[in-house]
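The values are calculated or read from the model by the stated rules, or taken from the named source; none is laboratory data. Remember, predicted model here, so these are calculated numbers, not experimental data. All Cβ positions, glycine included, derive from the backbone under ideal geometry; neighbour counts span all protein chains shown.
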Amino acid sequence: MNATITTLFRTTDDLTQRYVVRLLCAYHPGGLACPEATLAAGELAGAEDAGDIAGAEAAYASLMLSPNGGVLEVPPERANATAQFMRDARGTLRELSCAIIVVSPCEESQQRAIGIMNALSPALEAGQMRSMFVDCPSDASAEVAFEQVFHHMREGQSAAPEEQPVLSACRAFQNAHDHRLDFAALLHGVSDIEAELVEARERGGSLKKLRTLARRVMAARSVIAMVPEYTRAYDLLGLKRLGTEEWQRGRGVAPGHLARQD
């Protein structure tokens, strides 16, 4: 099979980590799945965990249906069950390219990341466990900001922390969210928000509308400015990257045309 499946473990529910999922999906040629509990409420004690494990298996199987695989997003509350599924299914997950653990600088995120690393280590081959460090402060190195995880990775020799992708702290994700921007279209350079402002200005739009559009343009520019950093981070993970023309075909956008905004 040619399908490749990437498992993405989030260690927080904050906006940045949720947008990292969008980032991977914008470049990954496959689809997106998320494990869910599959057992009905009211089952015997322990059934909830069993349901979560079954949900992880079902989500993985759904990505196998696509010739391109996809991204299996694992929120914090599903991490333990998904890791258990991967341990139980070790040797059968032939489509699995890697497991990516998204880490923020806060202590809670770093501790969760270390727990996930320990839980996954029996299930993965060398090189399959990766980390993505996000929201790295501009006034600190990644080694300082993520000291606990760096120390753990070096002690366990699970991966070289210096070789993991790092995203700096910025407002681009928040801007994309606040202004309901089509994040993937901006990443692929096929969305021209500035044309909407120019058109409204030429038509004599109201000052309120023009100011709103101006803020939207500035928000889009902040996302576009981060594209080189996003693509470098994605490529460092060693994943196949979806080209813009392929993305356009998948979204039903004719080559050379601009994608509509949300």
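Can you find even one residue in region 222-238 that is surrounded by fewer than 17 Cβ atoms within 10 Å (Cβ to Cβ), basic (Lys, Arg) and in contact (Cβ under 8 Å) with a residue 60 or more places away in the chain?
Yes, region 222-238 contains at least one residue that is surrounded by fewer than 17 Cβ atoms within 10 Å (Cβ to Cβ), basic (Lys, Arg) and in contact (Cβ under 8 Å) with a residue 60 or more places away in the chain.
Please state which one of VAL223, VAL166, VAL227 is closer than 23 Å to ALA140 by Cβ and within 16 Å of the chain's Cα centre (by Cα).
Values: VAL223 fails: closer than 23 Å to ALA140 by Cβ; VAL227 fails: closer than 23 Å to ALA140 by Cβ.
Only one candidate qualifies: VAL166.
Let me spell it out: the conditions are (1) without any contact (Cβ under 8 Å) to a residue 24 or more places away in the chain; (2) assigned to a helix (DSSP H, G or I); (3) over 20 Å from the mean Cα position of the chain (by Cα), and GLU194 meets all of them except one. Which number is the exception?
Failing condition for GLU194: (1).
Can you name every residue in region 162-199 that is touching a Ser or Thr at 6+ places or on another chain (Cβ under 7 Å) and within 30 Å of ALA126 (Cα to Cα)?
GLN164, SER168, ALA169
Considering region 178-221 alone, what residues qualify as being under 17 Å from LEU15 (Cβ atoms) and surrounded by fewer than 17 Cβ atoms within 10 Å (Cβ to Cβ)?
Result: ASP178, ARG180.
Being of a type outside the set (S, T, N, Q) and within 17 Å of LEU236 (Cα to Cα) is the filter; apply it to region 113-134 and report the residue that is surrounded by the fewest Cβ atoms within 10 Å (Cβ to Cβ).
That would be ALA126.
So, in region 132-155, exactly how many residues are in contact (Cβ under 8 Å) with a residue 12 or more places away in the chain and either touching a strand residue (DSSP E or B) at 6+ places or on another chain (Cβ under 9 Å) or among the polar types (S, T, N, Q) (or both)?
Result for region 132-155: 13.
Which residue is modelled with the lowest pLDDT, if the candidates are limited to region 26-56 and must be buried (at least 19 other Cβ atoms within 10 Å of the Cβ) and of a type in the set (A, V, I, L, M, F, W, C)?
Let us first name the residues in region 26-56 that are buried (at least 19 other Cβ atoms within 10 Å of the Cβ), namely 26-30, 33, 35, 37, 51-53, 55-56.
Narrowing further to those that are of a type in the set (A, V, I, L, M, F, W, C): 26, 33, 37, 53, 56.
Details: ALA26: 95, ALA33: 95, ALA37: 71, ILE53: 93, ALA56: 95.
Looking at the filtered set, the residue picked out is ALA37.
Within region 90-109, can you find the residues that are acidic (Asp, Glu) and in a loop (DSSP other than H, G, I, E, B)?
Here is the first cut: in region 90-109, the residues acidic (Asp, Glu) are 95, 107-108.
Residue satisfying the conditions is GLU95 alone.
Pairs needed: first member in region 16-38, touching a residue at least 40 places away in the same chain (Cβ under 8 Å); second member anywhere, in a helix (DSSP H, G or I) and β-branched (Val, Ile, Thr); C-beta distance under 8 Å; at least 6 residues apart or different chains.
Hits for this filter: TYR27/THR231; LEU32/VAL21; PRO35/THR82.
If you go through region 50-71 one residue at a time, how many are of a type in the set (D, E, K, R) and either assigned to a loop (DSSP other than H, G, I, E, B) or at positive phi (or both)?
Of region 50-71, the ones of a type in the set (D, E, K, R) are 52, 57.
Subset that is either assigned to a loop (DSSP other than H, G, I, E, B) or at positive phi (or both): none.
Within region 50-71, residues that are of a type in the set (D, E, K, R) and either assigned to a loop (DSSP other than H, G, I, E, B) or at positive phi (or both) number 0.
For region 195-210, state whether one or more residues are under 23 Å from TYR19 (Cα atoms) and modelled with pLDDT under 95. Can you show your working first?
As a first pass, look at region 195-210 and keep what is under 23 Å from TYR19 (Cα atoms): none.
Checked region 195-210: no residue is under 23 Å from TYR19 (Cα atoms) and modelled with pLDDT under 95.
Looking at region 110-131, is at least one residue touching a strand residue (DSSP E or B) at 6+ places or on another chain (Cβ under 6 Å), under 15 Å from LEU24 (Cα atoms) and aliphatic (A, V, I, L, M)?
Among the residues of region 110-131, not one is touching a strand residue (DSSP E or B) at 6+ places or on another chain (Cβ under 6 Å), under 15 Å from LEU24 (Cα atoms) and aliphatic (A, V, I, L, M), which makes the answer no.
Considering only residues that are among the hydrophobic types (A, V, I, L, M, F, W, C), surrounded by 18 or more Cβ atoms within 10 Å (Cβ to Cβ) and more than 13 Å from the chain's Cα centre (by Cα), look in region 65-92 and name the one that is nearest to ARG18 (Cα to Cα).
Here is the first cut: in region 65-92, the ones among the hydrophobic types (A, V, I, L, M, F, W, C) are 65, 71-72, 74, 79, 81, 83, 85-86, 89.
Okay, now just the ones that are also surrounded by 18 or more Cβ atoms within 10 Å (Cβ to Cβ), so 71-72, 74, 79, 81, 83, 85-86.
Still in the list and also more than 13 Å from the chain's Cα centre (by Cα): 79, 81, 83, 85-86.
On the way: ALA79: 15, ALA81: 20, ALA83: 19, PHE85: 23, MET86: 22 Å.
That would be ALA79.
Looking only at region 1-25, filter to residues that are in contact with a strand residue (DSSP E or B) (Cβ under 9 Å, 6 or more places away or on another chain) and among the aliphatic types (A, V, I, L, M); which one of those is modelled with the lowest pLDDT?
Selected residue: MET1.
Residue by residue through region 187-216, note down the ones that are over 24 Å from VAL227 (Cβ atoms) and among the basic types (Lys, Arg).
Across region 187-216, the qualifying residues are ARG201, ARG203, LYS208, LYS209, ARG211.
Can you go through ARG112, ARG87 and tell me which one is closer than 28 Å to VAL144 by Cα and part of a helix (DSSP H, G or I)?
After ruling out the rest, the residue left standing is ARG112.
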